[in-house]
1. Restricting to Cα pairs below 8 Å that are 6+ residues apart, what does the relative contact order work out to for the stretch A:81-160? Please round to a whole percent.
2. Can you tell me the relative contact order of the stretch B:5-195? Whole percent, Cα pairs under 8 Å, sequence separation 6 or more.
3. How big is the B/A interface in buried accessible area, both sides summed, 1.4 Å probe, to the nearest 100 Å²?
4. Of all beta bridges DSSP finds with both residues in the stretch B:5-195, what is the antiparallel percent, to the nearest 5?
5. If you count, for every residue in A:405-413, the Cβ atoms of partner chains within 10 Å of its Cβ, what is the mean?
6. Counting Lys and Arg as +1 and Asp and Glu as -1, what is the net charge of the other residues whose Cβ lies under 15 Å from the Cβ of A:R25?
7. Give the percent of DSSP beta bridges with both residues in the protein assembly as shown that are antiparallel, rounded to the nearest 5.
8. What are the lysines whose alpha-carbon lies under 17 Å from the alpha-carbon of B:K162, with same-chain residues fewer than 8 places away excluded?
Amino acid sequence: MLPQILAVVIFVAMFILIVTEIVERHIITLGCAVLTLLLVFGLGMQSMDAIVQTLNVHSIFTLDFWYAAGETSEASSGINWETIIFIAGMMIMVEGMAHVGFFRWLCMRIAKMVKYKVIPIFMTFMILSFILAMFIDSITVILFLAAVTVELSQLLKFNPVSMILAEVFCANLGGSATMCGDPPNIIIGTSFGYSFADFVLNTGVIALVALIFVLIYFYVACRKELTAGNAKLEELSSLPSPESAITNKGGFIVSCIIFLAAVVLLITHAQTGLSVAFIGTFISIITLITSGKAALSLLKKVDYKTLLFFVGLFVVVGGLEETGILEILADFIGDISGGNAKIMIAIIIWVSAIASAFIDNIPFAATMIPVISNLAATQGVNLEVLSWALAAGTDIGGSATPIGASANVVGIATAAKSGHIIRWGKYCKLMAPATIIVLIISTVMIFARYL
Amino acid sequence: MSQLIISVGREFGSGGHEIADKLAKHYELPLYDHNLLREVAASMNVNHDELQPYDEAKKNRFFSRTVRGMSSSAAHNVAQLQFDYLKKKASNGESFVVVGRCSETVLKDSPALVSLFILGDKDAKAERVMKLYNKDKKDALELMEEHDKYRKEYHNSHCPGKWGDSRNYELSINSSKLGVDETVKIITAYIDARRK
């Protein structure tokens, strides 16, 4: 009983501290991880095995970790090193692309392609946001897209707020479509051994259908505000050319090739047997080798705090898992749904969405992995269906409020730098209905397809 | 004349604003207080009314989130707009007097900065508030407490140092002892000596 109480207290304290931001979140999770190791595993369980199992370092030195990991079907416990190594690798690749001006070039190119007309920019930027977020992190997508949107809004004389919010929504939606789009999906995929194609054929189809409704929704909701902009033709000549965004032509071409290679490796990883940890490592090494002198600055730009946050988080969740708390939670969900798969799926989607609207979806998803694994084992519900429900709920729910997802914060902060303050009311008025629409679509599609 | 930036932190009722105003007149410098946000809004071509509710407002930890140094908090973002504007003015070599707005921390790297904190005795401050706002003593004390709490929360949610802590300011002075005019004289003497 003592280890269970300690694990829950540490977990709850971690969540409260993350929300209050008293100290940086990686310090919180690492501190709570140390407490978990000492108090839960050491003092409470007195189990060295639990510590070794949770730290999970041995997994890195197995062949499965790098090759043919896609065939694993067992949920791994403890620190998910595959997720951490993959995210680190993608961070380096994305920094390399940003360094040579890829993202800014792409945004400016598309704006020019639609002749700098506001509504076509609005629609194409939403689609661009969705597609980019399928492969790279939504923070980077919004960082560049929102900055270009603000720049264009000043020249084309429109209010950038609704366009930025629509881009944020589509980035979160695009992230739900693939295994590497959003951290919860990477955690789900690597924990249960799903492939990139598994996600595309399941959450990807849902996201694509939802995108059609989302495009219509944002067009209807924002068109009046956006058509108010009216720039004179001569002002368009002051716009920088897309090519001016490229800082290094050779590096730009190499970055494009590396990005395409990453996409191909991810799409084919079920066939090649290469794990996402291998792909992340390979792509980062190639990026660093081809970056020459810039390699060191790329390494410095890696968001180590986020990686450390993951390490600490997995240990704390490992504490809940090893002490059996998550089994109790799974049994509770099983009991209140009366063994009914539809109710169980609905609970997973909607509770995940509501929770993700207010708290970080990464710790939530990490906590729910063992829960759905237990639910599948004890209630006989298909684990894959529960996984897609969890992915949809956590990825989509985050869009509803300003604090639900990282991309939301980046979009709001970028708009604020140009004097456009996005309040909770303004944000939720536009984004919450879109979130509910997509959650309904997701629920209906999962029910219709799998149950 | 070499650049001079005077930052004035103050307790409510201490006469800090009046002292800042007199210092601005004495050195013939522009004074920034609530008008700073109006200038920021004008420079960005946005509506001042959208920013105004968050002027000197504290960051709410429970309803905001920070990602890689960026925040979703409206109060934080409006404060940052003002901080950036002040830093830009300072780096452009402009001289000015600024009331509050965490300016003693925001501009601490500027060699032209003289940071002051004006405090006062409770009774003297209450008397001043009663006279200025036509209030009885009870209401004046409540108003003082409310304003000082608001200023403290705003300051401490945006700065590492504590509001009113003498270690954060060059000069902390109790205006109740000598009155506003004599306090201004002492401050100007200090500033003049400091600029020699």
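1. Working: 36 pairs, mean separation 24.0, N = 80.
30 percent.
2. Details: 268 pairs, mean separation 64.1, N = 191.
Relative CO of the stretch B:5-195 lands at 34 percent.
3. On the way: alone 11050 and 18520 Å², together 27270 Å².
So the total buried area for this chain pair works out to about 2300 Å².
4. Details: 2 of 18 bridges.
If we restrict to bridges inside the stretch B:5-195, about 10 percent are antiparallel.
5. Working: counts 2, 6, 1, 3, 9, 4, 2, 9, 11.
Neighbouring Cβ atoms belonging to other protein chains average 5 per residue here.
6. On the way: positive: A:K305, B:R61, B:R65, B:R68; negative: A:E21, A:E24, A:D303, A:D360.
Charge balance near A:R25 sits at 0.
7. Details: 3 of 19 bridges.
Roughly 15 percent of the beta bridges in the protein assembly as shown run antiparallel, per DSSP.
8. B:K58, B:K59, B:K108, B:K149, B:K152
The values are calculated or read from the model by the stated rules, or taken from the named source; none is laboratory data. Nothing here was measured: the structure is a model prediction, and the numbers come from that model. Ideal geometry is used to build each Cβ from the backbone, glycine not excepted, and the neighbour counts take in all protein chains shown. When the accessible area is computed, the model is the full protein with side chains, heavy atoms only, and any ligands, DNA or RNA have been set aside. Shrake-Rupley method; radii C 1.70, N 1.55, O 1.52, S 1.80 Å.
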